[in-house]
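Student: Pasting a structure here, questions to come.
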Amino acid sequence: MREAGTWTAEAKRAAGDPPASLSAFALTAIAPDNGPEPLSSASFGIGCKSCGRDEFEVASFPVVAPDPSPYYGLAPGDIFLRPPHRLRCSHCGNAGTIFDARTDGYDGILGGGCAYESGSEGEDFAAGPFKVIVSATYNVEGSELDELAASAGGGAKATDLFDWLTIIATPVGGGSPLELSYECA
Ligand SMILES: [Zn+2]
């Protein structure tokens, strides 16, 4: 499934210079089909840096929402798959972090963390394997991102400052994709 549209300048830049937070993986930018709609997201197919395959297990820190549920869109009893998320290659076992709400993206780098509860114990790998696509979205203009990245220091670059990150994990054996989406600004 390929999106149709035309990358914004910021998305195009990210496609060629992906966020450092994705650097544990081999990334293949997925160019959209031509269309008139502006696309502010750069999407990447995720591969294993060690063996080159592209099937992964997806880790999270699940928690059952209490009553009343403090989690947006989740009812009491629903399971919230908390970040951070790691991917583990189904073939060679190489693993790396794909998203950490505490350190990644606009608020992770500039604001001391995105507004999500993170887990630290009880990491669980969802049944897979999955093919994984990650989309980083940029609604802030590139020149402003440059200034913000420079002010953040620590080697941050403009494309590290995505304001949304979506992980779409499609089961290799069929079934509904697992979608993890975070507003990071
Ligand atoms: Zn591998």
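Student: Quote to one decimal, in nm, the extra length available between VAL172 and ARG102 on full extension: 0.36 nm per residue of separation minus the C-alpha distance between them. Walk me through the numbers before you get to the answer.
Tutor: Details: separation 70, 0.36 × 70 = 25.20 nm, distance 2.97 nm.
Stretched out fully, the VAL172 to ARG102 stretch lengthens by 22.2 nm.
Student: Given a cut-off of under 8 Å on Cα pairs at least six residues apart, what relative contact order in percent is computed for segment 135-177?
Tutor: 42
Student: Under 14 Å from the 7 Å Cα→Cβ point of SER23, by amide nitrogen: which residues of segment 32-70?
Tutor: The answer is none, because no backbone nitrogen lies closer than 14 Å to the label point.
Student: Test of understanding: ordering VAL132, VAL63, VAL58 by Cβ neighbours within 10 Å, fewest first, what list do you get?
Tutor: Listing VAL132, VAL63, VAL58 from fewest to most nearby Cβ atoms yields VAL63, VAL58, VAL132.
Student: Follow-up question, since we're still on this one. Measuring from label point to label point, each 7 Å out along Cα→Cβ, what is the SER181 to ALA127 span in nm?
Tutor: Each label point lies 7 Å from its Cα, and together they span 2.5 nm.
Student: Below 19 Å, Cα to Cα, which lysines can LYS131 reach? Residues fewer than 8 away in the same chain don't count.
Tutor: Straight-line reach from LYS131, under 19 Å: LYS49.
Student: So which lysines can LYS157 reach, going by Cα to Cα under 19 Å and dropping same-chain residues fewer than 8 places off?
Tutor: Leaving aside lysines fewer than 8 places away in the same chain, those within reach of LYS157 are LYS12.
Student: Within the set of other residues whose C-beta is less than 13 Å from the C-beta of SER60, count the net charge using Lys and Arg as +1 and Asp and Glu as -1. Write down the numbers at each step before the final one.
Tutor: Details: positive: ARG82, ARG86, ARG88; negative: GLU57, ASP100, GLU117, GLU121, GLU123, ASP124, GLU179.
That works out to -4.
Student: With θ set to phi - 60° and the Karplus curve 6.51 cos²θ - 1.76 cosθ + 1.60, what are the ³J(HN,Hα) couplings of segment 81-94 in order, to the nearest whole Hz, using x for Gly and Pro?
Tutor: Calculated HN-Hα couplings, in order: 8, 5, x, x, 10, 10, 10, 10, 4, 6, 9, 10, x, 4 Hz.
Student: Report the per residue volume, in Å³, of the convex hull enclosing the C-alpha atoms of the chain.
Tutor: 127
Student: With a 10 Å Cβ neighbour count serving as the proxy for reagent exposure, in which order, fewest first, do LEU165, LEU180 appear? Write down the numbers at each step before the final one.
Tutor: Working: LEU165 28, LEU180 20.
By the 10 Å Cβ count, ascending: LEU180, LEU165.
Student: Find the relative contact order for segment 4-183 and round it to a whole percent, using C-alpha pairs within less than 8 Å whose residues are 6+ positions apart.
Tutor: Values: 411 pairs, mean separation 39.4, N = 180.
Reported as a whole number, the value is 22 percent.
Student: Counting each DSSP H run of 4 or more residues in the chain as -39500 (n - 2.57), what helix-only mean residue ellipticity at 222 nm follows after dividing by all residues, to the nearest 500 deg cm²/dmol? Before the final figure, lay out each step's value.
Tutor: On the way: 3 runs with 25 residues, N = 185.
It comes out at -3500 deg cm²/dmol, rounded to the nearest 500.
Student: For segment 55-67, take each phi angle, set θ = phi - 60°, evaluate the Karplus expression 6.51 cos²θ - 1.76 cosθ + 1.60, and give the result in whole Hz per residue in order, putting x for glycine and proline.
Tutor: Karplus values, whole Hz, x for Gly and Pro: 10, 9, 9, 10, 9, 8, 10, x, 9, 7, 5, x, 10.
FYI, it's all coordinate maths here, none of it is from the lab. Predicted model only: the values in this text are computed from it and were never measured. Positions of Cβ are generated from backbone atoms using ideal geometry, with glycine treated the same way; all protein chains shown enter the neighbour counts.
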